[in-house]
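Participant: Below: one structure in structure tokens.
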């Protein structure tokens, strides 16, 4: 069996697509035989990254968000990219409770959730050029036996 | 999403997935009800909720900021394990009580 697989989606930055992105990544990762908790973790992290692109990257204007997912062995990686306004100070943006939009009911927990639920989170951003969030998670950690359900 | 007002208490029956998309609608409706009915207590009912991200946390914090001014409180009920984890991790449990029912 091949142990690598890739997919890429490009969608409009409207809030209805937050759910679409979560469901798509959940469907894509089923081939890794993940636990319910692992799926929830990845869905939450993807939701945060896509929401950031929509609210902060494009400030609610409609442009394109891309999500690239890759499986290599039992490692899942997801890159969410926008070409919006970018982040001047990435370190500050990633601090828990920091938000540039407190008036809009933002909790400032987006990056904290991504870091809590994924093994690795890397952010590349330049003001005026957009932001790219790369996340990685090993699926099936600590599981010594892989069981496959017969259909 | 459904809302119920009893005296000065507002219960919000949250949707299956609480994200930025659904939190926007929640914010608009809840704030109108809070203002019109002088609501002091807001109860977030997670009975039908399977997913929540940090946008849900923002929505809870925002409603808390509103009712706090008149000495109000926010509560969470019917939370499953996942929701409890999200609430605890975010630190929002410092301002919100989680009501745990007795297991029958």
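The values are calculated or read from the model by the stated rules, or taken from the named source; none is laboratory data. Fair warning: this is a prediction, and the values are worked out from it, not measured in the lab. Because the Cβ atoms are built from the backbone with ideal geometry, glycine has one as well, and the counts that use them run over all protein chains shown.
Participant: Pick out the one residue from B:47, B:73 that is away from every other protein chain (no Cβ under 14 Å), more than 24 Å from residue A:44 (Cβ to Cβ) and more than 10 Å from the chain's Cα centre (by Cα).
Facilitator: Values: B:47 fails: more than 24 Å from residue A:44 (Cβ to Cβ).
Result: B:73 is the single residue among B:47, B:73 that is away from every other protein chain (no Cβ under 14 Å), more than 24 Å from residue A:44 (Cβ to Cβ) and more than 10 Å from the chain's Cα centre (by Cα).
Participant: I've got another one for you. If you take just the helices (runs of 4 or more DSSP H) that sit entirely in region B:20-104, which of them hold at least 2 residues that are on the phi > 0 side of the Ramachandran plot?
Facilitator: Working: elements: B:20-37, B:54-68, B:81-90.
Of the helices (runs of 4 or more DSSP H) lying wholly inside region B:20-104, none has at least 2 residues that are on the phi > 0 side of the Ramachandran plot.
Participant: When residues of region B:26-44 are filtered for being surrounded by fewer than 19 Cβ atoms within 10 Å (Cβ to Cβ) and within 14 Å of chain A (Cβ to nearest Cβ), how many remain?
Facilitator: The number of residues fulfilling the criteria is 4.
Participant: Assuming residue A:14 fulfils every condition listed in (1) farther than 17 Å from residue A:135 by Cα; (2) in contact with a strand residue (DSSP E or B) (Cβ under 9 Å, 6 or more places away or on another chain) apart from one, which condition is it?
Facilitator: (2)
Participant: With A:35, A:44 as the choices, which residue is within 13 Å of chain B (Cβ to nearest Cβ) and either without any contact (Cβ under 8 Å) to a residue 12 or more places away in the chain or more than 25 Å from residue B:64 (Cβ to Cβ) (or both)?
Facilitator: Going through A:35, A:44 in turn, the sole match is A:35.
Participant: Let me spell it out: the conditions are (1) in contact (Cβ under 8 Å) with a residue 12 or more places away in the chain; (2) under 13 Å from the mean Cα position of the chain (by Cα), and residue B:93 meets all of them except one. Which number is the exception?
Facilitator: (1)
Participant: Let me ask something else. Filter region B:1-19 for residues that are under 16 Å from residue B:61 (Cα atoms) and assigned to a strand (DSSP E or B); which is nearest to the other protein chains (Cβ to nearest Cβ)? Can you show your working first?
Facilitator: Here is the first cut: in region B:1-19, the ones under 16 Å from residue B:61 (Cα atoms) are B:10-12, B:14, B:18-19.
Checking which are assigned to a strand (DSSP E or B) leaves us with B:10-12, B:18.
Details: B:10: 17, B:11: 20, B:12: 14, B:18: 10 Å.
Checking each candidate, the answer is B:18.
Participant: Restrict the check to region A:43-61 and report whether at least one residue is within 17 Å of the chain's Cα centre (by Cα) and surrounded by fewer than 16 Cβ atoms within 10 Å (Cβ to Cβ).
Facilitator: Restricting attention to region A:43-61, the residues satisfying the condition of being within 17 Å of the chain's Cα centre (by Cα) are A:43-58.
From what's left, surrounded by fewer than 16 Cβ atoms within 10 Å (Cβ to Cβ): none.
No, region A:43-61 contains no residue that is within 17 Å of the chain's Cα centre (by Cα) and surrounded by fewer than 16 Cβ atoms within 10 Å (Cβ to Cβ).
Participant: If I go through region B:3-24 residue by residue, how many of them are loosely packed, with under 13 Cβ neighbours inside 10 Å and at pLDDT below 95?
Facilitator: We begin by selecting, within region B:3-24, every residue loosely packed, with under 13 Cβ neighbours inside 10 Å; these are B:4, B:6-7, B:16.
Subset that is at pLDDT below 95: B:7.
So the count comes out to 1.
Participant: Please verify whether residue B:58 is surrounded by 19 or more Cβ atoms within 10 Å (Cβ to Cβ), modelled with pLDDT of 95 or more and under 24 Å from residue A:23 (Cα atoms), treating the condition exactly as stated.
Facilitator: Numbers: surrounded by 19 or more Cβ atoms within 10 Å (Cβ to Cβ): yes; modelled with pLDDT of 95 or more: yes; under 24 Å from residue A:23 (Cα atoms): yes.
Yes, satisfied.
Participant: Working carefully through the options A:132, A:125, A:112, find the one that is within 13 Å of another protein chain (Cβ to nearest Cβ), modelled with pLDDT of 95 or more and under 23 Å from residue B:55 (Cβ atoms).
Facilitator: Working: A:132 fails: within 13 Å of another protein chain (Cβ to nearest Cβ); A:125 fails: within 13 Å of another protein chain (Cβ to nearest Cβ).
A:112 is the lone residue from the list that is within 13 Å of another protein chain (Cβ to nearest Cβ), modelled with pLDDT of 95 or more and under 23 Å from residue B:55 (Cβ atoms).
Participant: In addition: Among A:47, A:77, which is out of contact with any helix residue (DSSP H, G or I) (no Cβ under 8 Å at 6 or more places or on another chain) and either within 16 Å of residue A:136 (Cα to Cα) or outside any helix (DSSP H, G or I) (or both)?
Facilitator: Details: A:47 fails: out of contact with any helix residue (DSSP H, G or I) (no Cβ under 8 Å at 6 or more places or on another chain).
From the options A:47, A:77, the qualifying one is A:77.
Participant: Hey, another quick one. Could you tell me which numbered condition residue A:28 fails, if it satisfies all but one of (1) assigned to a helix (DSSP H, G or I); (2) over 16 Å from residue B:17 (Cβ atoms); (3) in contact with a helix residue (DSSP H, G or I) (Cβ under 8 Å, 6 or more places away or on another chain)?
Facilitator: With (1) assigned to a helix (DSSP H, G or I); (2) over 16 Å from residue B:17 (Cβ atoms); (3) in contact with a helix residue (DSSP H, G or I) (Cβ under 8 Å, 6 or more places away or on another chain) applied to residue A:28, the lone miss is (3).
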